[in-house]
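Data first, discussion second: the structure below is written as structure tokens.
Just so it is clear, none of the values below were taken in a lab; they were calculated from the coordinates. Note that the coordinates shown come from a computational prediction; the quantities given were computed from them, not determined experimentally. Note that each Cβ is placed from the backbone with ideal geometry, even for glycine, and that neighbours are counted across all protein chains shown.
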Amino acid sequence: MSLPPFFDDYLHFLRFASVSTDDRYREHVHACAAWLSGYLQKAGLKSEIHATPGHPIVTAHSPRHPAKPTVLIYGHYDVQPADPLDLWLHPPFEPHVENGKIYARGSTDNKGQIFSHICGVRQLFESGGQLPVNVVFLVEGEEEVGSDHLAPFLEAHREQLQCDVVVISDTGMIAPGVPTFTYGLRGIAAMEIFLQGPSKDLHSGIFGGAVANPLTELCRLAATLHGPDGKIAVEGFYDGILPLQDWERGAWKTCGMDDAELKRITGAPELQGEAGYTSLERTWARPTCELNGLTGGYQGQGTKTVLPSQASAKLTFRLVPGQEPARILDLVETHLRGRCPPSITLRVERGHSGGAYYVDPHGPYGQAAQDALRAVFPGKEPVLIREGGSIPIVADFKKILGVDTLLLGLALPDAGIHSSNECFPVEHLELGMRLNRALLGALAVPRNG
Ligand SMILES: [Zn+2]
């Protein structure tokens, strides 16, 4: 197998153990940022490293021609921890090539994908040509820990980051060889609720029956969040939601993921969800309310006849276009407070949140993205999908920079992202470079819309 251009540089990039969540890797994260900035410079761009209260952000600019549109390419150089290490067949930060794949932490998420964009631009420069558009790279080191310092950075650097559209390759392909354009993402809102009953744990024989049990009341409250039809029973929860379009319901029926496959992957005995929707519709385009954890009472071996004084639950909501996270948390809090009995004190703590995202795949930028995919996968029509996960920064790009984002991911379903033996097909590196060049070309063409 012939190796793609810049392959050794890619391996070098992968050798940095740029684990953002663990302080012990701080030096590796910073060294990775420094190397990356140097590489962007070598690729023909003017690069800078920006310190943040967390890990640095690396930017790079091509020379700006006022007549050309500007494309901002976002990615991240930080990676998830590799633990548990004994599940890896080869050390995670010593890239290993086997059967046409590169095995290493970050090989897909996100080093392989952002690196192919950088190399696409490098090739355009090296072929002597000018870039068809102005390019700005924005590569952060905190994506895997919530991108806390990215939104303030966007606010502070609005002018330097001004662009017409953002491009991100950090999503998935529906299957190998299937060009995939992700035009929607779900948002997220998190909260934790704490129920306090008596001031201390009580003997259930002496007091049980006369004093409310917070754990019982928590279960009762949690059970009011859904109706029997799987719909979320919080008043106003579905108000303003972008309804599923007929064309997408039709397209998703044939996009290759069916319920039998979903059952196989999840190991669930049966699938279940909101009435009136298919599983893909439920995960890609409908909101959810999920209990992520319950605590309270005795968890040790055997029995303890305790009436616990406290109970708590962690809740998250996946949101769809049209739902504002803060408003959803308001509605849920009102719902819970209205149903919490006077025998219990309810405290609500709000967690992280991020908006949902949707770009019209048939609009001018969506068309450009599809044209680029057609150029790179000749004879194949791009599959248009949404994803159930959340990339909050995409909503930030819209809110702060006022621009749409095109999500053109090259991750395969079995890439092992966030898991052991993460891998990236060698050919995807070159594919990514071609996609980058095709996309920049397609975005240079003015379109109506
Ligand atoms: Zn990730």
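Can you spot a residue in the range 208-220 that is loosely packed, with under 15 Cβ neighbours inside 10 Å, without any contact (Cβ under 8 Å) to a residue 40 or more places away in the chain, small (G, A, S) and not in a loop (DSSP other than H, G, I, E, B)? No, the conditions are met nowhere in the range 208-220. Does V145 qualify as being within 20 Å of the chain's Cα centre (by Cα) and more than 16 Å from the ligand (Cβ to nearest atom)? It is false that V145 is within 20 Å of the chain's Cα centre (by Cα) and more than 16 Å from the ligand (Cβ to nearest atom). Look at the range 67-84: where a residue is closer than 13 Å to N110 by Cα and a partner is of a type in the set (K, R), sitting 6+ places away or on another chain with Cβ atoms under 6 Å, you get V79/R105. Contact map, the range 277-293: first residue surrounded by fewer than 19 Cβ atoms within 10 Å (Cβ to Cβ), second residue β-branched (V, I, T) and not in a helix (DSSP H, G or I), Cβ cut-off under 6 Å, separation 6 or more or different chains; pairs are E290/T316; N292/T316. Taken together, P378, P382, P361 contain a single residue that is away from the ligand (no atom under 16 Å from the Cβ), without any contact (Cβ under 8 Å) to a residue 24 or more places away in the chain and at negative phi, which is P378. The set of residues in the range 396-420 that are away from the ligand (no atom under 15 Å from the Cβ) and surrounded by fewer than 23 Cβ atoms within 10 Å (Cβ to Cβ) comprises D396, K398, K399, I400, L401, G402, V403, D404, D414. The single condition from (1) within 16 Å of the ligand (Cβ to nearest atom); (2) in contact (Cβ under 8 Å) with a residue 24 or more places away in the chain that M433 fails is (1). Determine whether the range 155-176 contains at least one residue that is more than 16 Å from the ligand (Cβ to nearest atom), in a helix (DSSP H, G or I) and in contact (Cβ under 8 Å) with a residue 60 or more places away in the chain. Yes - at least one qualifying residue is present in the range 155-176.
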